[in-house]
Amino acid sequence: MIVTIANPKGGTGKTTLVRALSGTAAHAGNDVFLIDADSRANTMRWVTMSKQMNVWPERLEAESCLDPNRIYKMALERQHQGKVVFIDIEGTTNENLFAGLYCADIVLIP
Ligand SMILES: Nc1ncnc2c1ncn2[C@@H]1O[C@H](COP(=O)(O)OP(=O)(O)OP(=O)(O)O)[C@@H](O)[C@H]1O
Ligand SMILES: [Mg+2]
């Protein structure tokens, strides 16, 4: 399953929702893959800090990706591997937003 969290408006709670959902899904026993498609990389900051604090869930993998074709391809590949995929989109309208929308099973718009 691929879940994209998107809203072209800034500061609506996308990254906060991504953190809550991906962490919860991993703690529930799913293999989770998180794609940070925001050039400001707030999600990756959370990843770094959580790893430093030793609270990063074992089943959660995260990667920054700013290329729309790669976002789409990587999401489908990880889904085929049986992972739950979350995509955190930047609060603007760009090609990464469309890549996230087109590959998703579910789009959440906070
Ligand atoms: N560390 C923080 N301290 C205080 N407020 C915060 C912090 N992180 C986020 N916020 C606020 O919480 C709200 C939601 O932030 P969040 O980063 O989840 O939104 P977002 O939709 O991902 O934003 P963006 O479009 O910039 O990616 C925003 O109003 C933001 O200003
Ligand atoms: Mg964000």
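Charged neighbours of I109, selected by a Cβ distance under 12 Å, balance to +2 (K, R count +1; D, E count -1).
Scalar couplings 3J(HN,Hα) for the stretch 27-39, obtained by applying the Karplus form with A = 6.51, B = -1.76, C = 1.60 to θ = phi - 60°, are 5, 7, x, 8, 7, 10, 10, 10, 10, 8, 9, 10, 5 Hz; x denotes Gly and Pro.
Taking each residue as 0.36 nm, the span from E77 to H27 lengthens on full extension beyond its C-alpha to C-alpha distance by 15.8 nm. Placing dummy labels 7 Å off each Cα toward the beta-carbon, the span from T93 to I109 is 1.2 nm. Amide H to amide H, with H built 1.01 Å from N, L34 comes under 5 Å of E61, A62, E63, F86, counting only residues 5 or more places away or on other chains. Add +1 for every Lys or Arg and -1 for every Asp or Glu among the other residues with Cβ under 12 Å from the Cβ of D36, and state the total. Net of charged neighbours comes to -1.
After finding the eigenvalues of the alpha carbon gyration tensor for the chain, what semi-axes result from the square roots of 5 times each, listed largest first in whole Å?
Details: eigenvalues 76, 52, 29 Å².
Working from the Cα gyration tensor, I get semi-axes of 20, 16, 12 Å.
Among A99, A28, T12, which residue has its Cα furthest toward the positive end of the charge dipole of the chain, with +1 on Lys/Arg Cβ and -1 on Asp/Glu Cβ? Farthest towards the positive end: T12. The phi-based Karplus calculation (6.51 cos²θ - 1.76 cosθ + 1.60; θ = phi - 60°) puts the 3J(HN,Hα) values of the stretch 70-82 at 6, 4, 4, 5, 5, 4, 5, 4, 5, 4, 5, 7, x Hz, whole numbers, x for Gly and Pro. Listed values for the stretch 97-110 are Karplus-derived 3J(HN,Hα) couplings in whole Hz (6.51 cos²θ - 1.76 cosθ + 1.60, θ = phi - 60°), namely 4, 5, 4, x, 5, 6, 8, 7, 7, 10, 10, 9, 10, x, and x replaces Gly and Pro.
Each value in this text was obtained by applying a stated rule to the coordinates, not by laboratory testing. Bear in mind the structure is a predicted one, so any value in this text is a computation, not a measurement. Methodologically, a virtual Cβ is constructed for each residue, glycine included, from the backbone with ideal geometry; neighbour enumeration extends over all protein chains shown.
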